[in-house]
Number of protein chains: 4
Amino acid sequence: MRIGFLGLGSMGAPMAANLLRAGYQVNIWNRSTSAIPPLVELGALHCQHPADAAQCDVLISMLADDSVTQQVVVDSGALAALESNALWINMATVSIAFTQQMVALAAAKGFHYLAAPVLGRNNVAAAGQLNILTAGDPQLIARAQPLFDVLGQKTWYFGPQPEQAAVVKLSANFMLGCAIEAMAEASALVRGYQVPAADFLAMITATLFNAPAYKGYGELIAHEKYTPPGFTLRLGLKDIRLAQAAAEGKNVPLPFASVIKDNSIDALAHGEGDLEWAALANVAKRRSNQS
Amino acid sequence: MRIGFLGLGSMGAPMAANLLRAGYQVNIWNRSTSAIPPLVELGALHCQHPADAAQCDVLISMLADDSVTQQVVVDSGALAALESNALWINMATVSIAFTQQMVALAAAKGFHYLAAPVLGRNNVAAAGQLNILTAGDPQLIARAQPLFDVLGQKTWYFGPQPEQAAVVKLSANFMLGCAIEAMAEASALVRGYQVPAADFLAMITATLFNAPAYKGYGELIAHEKYTPPGFTLRLGLKDIRLAQAAAEGKNVPLPFASVIKDNSIDALAHGEGDLEWAALANVAKRRSNQS
Amino acid sequence: MRIGFLGLGSMGAPMAANLLRAGYQVNIWNRSTSAIPPLVELGALHCQHPADAAQCDVLISMLADDSVTQQVVVDSGALAALESNALWINMATVSIAFTQQMVALAAAKGFHYLAAPVLGRNNVAAAGQLNILTAGDPQLIARAQPLFDVLGQKTWYFGPQPEQAAVVKLSANFMLGCAIEAMAEASALVRGYQVPAADFLAMITATLFNAPAYKGYGELIAHEKYTPPGFTLRLGLKDIRLAQAAAEGKNVPLPFASVIKDNSIDALAHGEGDLEWAALANVAKRRSNQS
Amino acid sequence: MRIGFLGLGSMGAPMAANLLRAGYQVNIWNRSTSAIPPLVELGALHCQHPADAAQCDVLISMLADDSVTQQVVVDSGALAALESNALWINMATVSIAFTQQMVALAAAKGFHYLAAPVLGRNNVAAAGQLNILTAGDPQLIARAQPLFDVLGQKTWYFGPQPEQAAVVKLSANFMLGCAIEAMAEASALVRGYQVPAADFLAMITATLFNAPAYKGYGELIAHEKYTPPGFTLRLGLKDIRLAQAAAEGKNVPLPFASVIKDNSIDALAHGEGDLEWAALANVAKRRSNQS
């Protein structure tokens, strides 16, 4: 089985490396080339064009968003280069609408499509310990399973339509936004009574909320460490909007998403869009006039 | 050191038992008497009146709320019976306003007051593994520490004013409400795409949100198991209102609390007030017209 | 028919004057006495105590709120001085809970109670052109009608329970808050595109929204004229809370009220509580970082 | 001066008729032809294609939305057929983004562009009593003024950028949504106390809120007369989204718009999207479980 891999950023590069180490042949392509040499050293075939990388049985893409995926996989001609019956596994976080377009394209062009976004940051990717959220034809998933086993600790299956994995990933990110906003408001509340937010957050993330999402973001809020950003507030807002769009497609009101959106806009108005997503906590603090 | 213990419900009874097992002399009183015999067997002195139980060095109360605490500890004459320099440790979840009144009363009457609400359900109380959230004069806390060491796994200190522990406890409960509402909305979202909420919640509470708060409530939402209630939606709303009152006292906007309150009222309007708090998830489901 | 009139502030004084001019005998009492002389000149009997003023057939009160009404009418002994079968008409804006307590008190003590809050500022009161919102026993209203005809241009009847007039008045004030917030947000929106808010508000209050509520508050927002206040933001928030309490009593979610409350708290946090209610527009402006 | 007029719906037809009656030569085109004969009778030249109608000095379009305007004016070739220096006046409600695109197109192609959306329904259009909200180069507006004087009672000027008129129109529609939601919530509140919403709305729209926006929508809510729709809830939601998009473009949080959006989605989930916009009141009623 030959694999094509498009998108070698902080997530894609360690994922491709793991596939190479597991013995797979991997064609690689990336817009910037800094990630290329170490992968070539592991045996990757560096392609000059996405369409060359698509000369494979399974094409994996791990790109920034809808628009970059559209450019690199579709507009570049890579998809057109896929052999009939080849499988494209899109592991990025993309919109429901984009997912539906790719499903339609797959039906029209004769290739196969799986959505398989992941949970886990780049160190988790490097350890092959991602959680893989997948949806699509179970036979295709069976075909992809050996690869998922290399990349992740567990594969979660959400149904036969790729959009089902997309909505699960968007819902997970929406819940991260909720966790940040909840900590932001609670921190402002305790601070009103002269309790340092760091004291409150240290306690709450060691007890009721001792989960990765809370520990990570709680630490950043506690120390107001919003730069350099791991994931910007602006990108967080983008994900909230994708969740809202998904919800509107099925008539699901999301009042928490509305609050997060309004507060994120407040943050953007105050020049905080390029800070870490956790800087959303500045909004609750500012509205309470706390220094 | 003689201890008085008022309030022997599902939390108070195992806490008193632990103090007895640790060798303390404990005067006990409770409105209903079903919890009395096993404690007497452990050596407790059963008092006929709260004021009798208050013949002690340290009075601990673990009652339902402001109003029951007011009746049992204040109106009953128990406080008046406290010896000068005695210490009252209030371990219940009460309002900021009530806490401030008790602090004023302590100053006027010459007794000492500590707020020490806890995190943990009754099984945790029985295991002596509570997390104790305390605030007040550090010398008083030093006096209480041996008791806290019996009752809990850890004592967290939030400052010299008892209201600081009260606000931390209210903030923790507010964050629980946020977690429930976040899961409620996300569940409605994935359900819109034919992903069973149980599948989504199983995944998310095993990964990003693998914390007690999420696992417990997530399980209830996944199986829509809202009866018998461990803690009712109506009581959840009451705690949200206490958090709102605390926030308003210091001019802190809490838009997430507003959403939870409005949705809780929707639930009450639909006869769901006496279901488990997690039944808040019915609101997102109903608004999306999901069956 | 002898009338007792308690509360001679900017509304009560012109109302009492109109009753005197219409030929009624009026006993008057007020905490401060500046309003007394001109009314005595019109024939009023100045009483030294509320209970003296209550020697009458119809007692009218026009006091600031629940608590002042409680003090002046109930705690002072005025109610106790009312003859059996006398009628108390409360024309102030009070809570549902207070109204229900007064209804219960009337039943227990043998006097009669009508709620009759009004719409209109003091110039409207002076012109006898108030809109009178009333509810209660129709026979009592028939008894009060000649007085209402002196005080107002129209009497609106909302049902046999006094609380029905109270909720109508609270709903009207809630809608004023909504109008202010709507103009606040729309003003921030147009300002984002360099359209002066004054230009937008002049147009919209001359066309779709050419109503007194919009014209009055629109003018204040347009020129950011928030001092001296006619009615403070703090009092506006108080009315919003009364509307929320009324709604919670019947399980009615009011998400617009929640937004107004959160934004009002933001205003209070920034020291704007004693500005005119329309200063709520500062919140939308500040959140958008507009100068 | 020869005028081209594209879009002869319920608004466009009476507007074109007024121009003809005022003596202007008018080229007309419309997708459906039912509106054509009476206009031809008034002297209009019926064109077979938008591009034919665009043989004129001033092109006026009054089409449903961005996408229809794009199709009929741009994609059809009508714009390309405009003579250099001709003026296009777009009187429809369109997005900020579309407006900006048209401004860029005008600069690129050498024609002139004015935004001039209107306030008023079709009977107002027929009477030549529209309020015309315009923005753009003052010299162009001077050129258009004689036409505006025929079509409307007043022209309101909001600045040199066409997007400034667009945002004013979107803000006006947003305020209509706020008025509907405010009446919806207040109606649910009074109904909770057995006050008929119709009684409350009759009073409030005759007093504080005696403005066209409130009277019209208030009447529909009072009698729950939501069909046939004058303007559907779905289209109302579309306008709210355009206001939100405009606000996000300038980082202006609009929490009232968020509430309206969430409630509109609730309505859509319950099959109410094709009812009159005022049917938004069903949401507050349903959430309160009122029948």
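The values are calculated or read from the model by the stated rules, or taken from the named source; none is laboratory data. A quick note: this is a predicted structure, and the numbers were derived from the prediction, not measured. Here the Cβ positions follow ideal geometry from the backbone for every residue, glycine too, while neighbour counts run over all protein chains shown.
For region B:227-236, check the following and say yes or no: at least one residue is touching a helix residue (DSSP H, G or I) at 6+ places or on another chain (Cβ under 8 Å), in contact (Cβ under 8 Å) with a residue 12 or more places away in the chain and more than 28 Å from C:Ala245 (Cα to Cα).
no
With respect to A:Glu224, is the statement that it is among the charged types (D, E, K, R), outside the structural domain of A:Gly9 (by TED's automatic domain parsing) and assigned to a helix (DSSP H, G or I) true?
For A:Glu224, the condition - among the charged types (D, E, K, R), outside the structural domain of A:Gly9 (by TED's automatic domain parsing) and assigned to a helix (DSSP H, G or I) - is not met.
If you go through region C:261-278 one residue at a time, how many are facing chain B (nearest Cβ under 10 Å) and not small (Gly, Ala, Ser)?
Residues meeting the conditions: 7.
Output the residues belonging to region D:134-163 that are facing another protein chain (nearest Cβ under 7 Å) and without any contact (Cβ under 8 Å) to a residue 40 or more places away in the chain.
Across region D:134-163, the qualifying residues are D:Trp156, D:Phe158, D:Gly159.
Within region D:177-185, can one find any residue that is among the β-branched types (Val, Ile, Thr) and within 30 Å of C:Glu163 (Cβ to Cβ)?
yes
Report, by residue number, each residue of region B:245-291 that is part of a helix (DSSP H, G or I) and among the acidic types (Asp, Glu).
B:Glu248, B:Asp262, B:Asp266
What do you reckon, is A:Ala243 farther than 17 Å from C:Arg287 by Cα and either away from chain B (no Cβ under 14 Å) or crowded, with 24+ Cβ neighbours inside 10 Å (or both)?
Yes: the conditions hold for A:Ala243.
Among the residues of region C:171-184, is there at least one that is farther than 18 Å from C:Gly230 by Cα, facing chain D (nearest Cβ under 7 Å) and outside any helix (DSSP H, G or I)?
no
Output the number of the condition that B:Pro229 fails; it satisfies all remaining conditions of (1) surrounded by fewer than 24 Cβ atoms within 10 Å (Cβ to Cβ); (2) within 12 Å of chain A (Cβ to nearest Cβ); (3) assigned to a loop (DSSP other than H, G, I, E, B).
Going through (1) surrounded by fewer than 24 Cβ atoms within 10 Å (Cβ to Cβ); (2) within 12 Å of chain A (Cβ to nearest Cβ); (3) assigned to a loop (DSSP other than H, G, I, E, B) one by one, B:Pro229 breaks only (2).
Just to be sure before I move on: is A:Ala64 over 14 Å from A:Leu147 (Cβ atoms) and in contact with a strand residue (DSSP E or B) (Cβ under 9 Å, 6 or more places away or on another chain) in the structure I sent?
no
Quick check, is A:Ala106 in a helix (DSSP H, G or I), closer than 22 Å to A:Leu147 by Cβ and either in the same structural domain as A:Asn27 (by TED's automatic domain parsing) or in contact (Cβ under 8 Å) with a residue 24 or more places away in the chain (or both)?
For A:Ala106, the condition - in a helix (DSSP H, G or I), closer than 22 Å to A:Leu147 by Cβ and either in the same structural domain as A:Asn27 (by TED's automatic domain parsing) or in contact (Cβ under 8 Å) with a residue 24 or more places away in the chain (or both) - is met.
So which of D:Ile89, D:Ile96 is out of contact with any Asp or Glu (no Cβ under 7 Å at 6 or more places or on another chain), surrounded by 22 or more Cβ atoms within 10 Å (Cβ to Cβ) and touching a residue at least 40 places away in the same chain (Cβ under 8 Å)?
Every option except D:Ile89 fails the conditions.
Whether any residue in region B:129-137 is farther than 28 Å from B:Ile240 by Cβ, modelled with pLDDT of 95 or more and either in contact with a helix residue (DSSP H, G or I) (Cβ under 6 Å, 6 or more places away or on another chain) or not in a strand (DSSP E or B) (or both) is what I want to check.
Within region B:129-137, one or more residues are farther than 28 Å from B:Ile240 by Cβ, modelled with pLDDT of 95 or more and either in contact with a helix residue (DSSP H, G or I) (Cβ under 6 Å, 6 or more places away or on another chain) or not in a strand (DSSP E or B) (or both).
Go through region A:108-139 and give me each residue that's in contact with a strand residue (DSSP E or B) (Cβ under 8 Å, 6 or more places away or on another chain) and surrounded by fewer than 20 Cβ atoms within 10 Å (Cβ to Cβ).
Correct list: A:Val124, A:Gly128, A:Gln129, A:Asp137, A:Pro138.
Could you grab the pairs with beta carbons closer than 9 Å, sequence gap of 6+ or different chains, first residue in region A:201-215 and within 15 Å of B:Thr155 (Cβ to Cβ) and touching a residue at least 60 places away in the same chain (Cβ under 8 Å), second one charged (D, E, K, R) and surrounded by 20 or more Cβ atoms within 10 Å (Cβ to Cβ)?
none
Counting residues that are assigned by TED's automatic domain parsing to the domain that holds C:Gly110 and loosely packed, with under 15 Cβ neighbours inside 10 Å, which helices (runs of 4 or more DSSP H) fully inside region C:1-81 reach at least 3?
It comes to C:36-41.
Can you name every residue in region D:247-260 that is more than 7 Å from every other protein chain (Cβ to nearest Cβ) and over 22 Å from C:Ser258 (Cβ atoms)?
D:Gly249, the sole residue that qualifies.
Residues in region C:194-217 that are more than 7 Å from every other protein chain (Cβ to nearest Cβ) and either in contact with an Asp or Glu (Cβ under 8 Å, 6 or more places away or on another chain) or outside any helix (DSSP H, G or I) (or both): how many?
4
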